[in-house]
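One structure is given below, encoded as structure tokens.
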Amino acid sequence: MKEGEEIKGLVFHCSDSSFGSATMIKGWHVNERNWSDIGYSIVICNGHVENDTFMPFMDGAIEWGRDIDREAAAQRGFNDMEAVCMIGKSGVFTISQLESARRLILYFIEHHGLTADKIYAHSDLDSRKPHCCGLPIKEFVQACINLESLDRFVKGR
Ligand SMILES: [Zn+2]
């Protein structure tokens, strides 16, 4: 992706698993769905890369998925937008993940012409995915842009 090139939008997904990584999701998509590559452009890890092992340095880690210049494959009808997968069950993300999502959002706004109205949760685009990704996305995006604390978006506190 060239500097200044505009992206059509950003769509947030969740993995619906308590653990995972770009490598693991690629395995699911390639081996179980017969796709050519992982469907997501970007993955945000929660530190649980494998089932029970918590690796703090991977909490909030941003991993590359498929080539960002290729169409995503995660959101039928909207694959011209970049797909971001947050590892976690619906809406259950760590503060580090939310801060990483903020960094992505602000980066794409500053460098690639993204605007708040072009940032979606998967559930906004597909009524069959009501729990993906489980964040109140419009409110979350505004909090990111306003540099507000994101603590209120962490579930279970
Ligand atoms: Zn989704």
Positions within segment 1-59 being touching a residue at least 60 places away in the same chain (Cβ under 8 Å), polar (S, T, N, Q) and away from the ligand (no atom under 16 Å from the Cβ), in sequence order: S18, S21
Which one is farthest from the ligand (Cβ to nearest atom), of the residues in segment 112-144 that are surrounded by fewer than 15 Cβ atoms within 10 Å (Cβ to Cβ) and in a helix (DSSP H, G or I)? Q142
Just one of the numbered conditions (1) of a type in the set (K, R); (2) touching a Phe, Trp or Tyr at 6+ places or on another chain (Cβ under 9 Å); (3) crowded, with 19+ Cβ neighbours inside 10 Å is not true of K155; which one? (3)
Taking the conditions exactly as written (buried (at least 22 other Cβ atoms within 10 Å of the Cβ) and within 28 Å of E139 (Cβ to Cβ)), does G60 satisfy them or not? no
Any residue at all in segment 3-13 that is out of contact with any strand residue (DSSP E or B) (no Cβ under 6 Å at 6 or more places or on another chain), under 17 Å from G134 (Cα atoms) and crowded, with 18+ Cβ neighbours inside 10 Å? no
Inspect all residues belonging to segment 58-65 and state whether any of them is farther than 25 Å from E5 by Cβ and at pLDDT below 95. no
Given the structure, is G77 more than 16 Å from N46 (Cα to Cα) and either within 16 Å of the ligand (Cβ to nearest atom) or surrounded by fewer than 19 Cβ atoms within 10 Å (Cβ to Cβ) (or both)? yes
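The values are calculated or read from the model by the stated rules, or taken from the named source; none is laboratory data. Treat the numbers as computed from the prediction; the structure is a model and nothing was measured. Backbone-built Cβ (ideal geometry, glycine too); neighbour counts: all protein chains shown.
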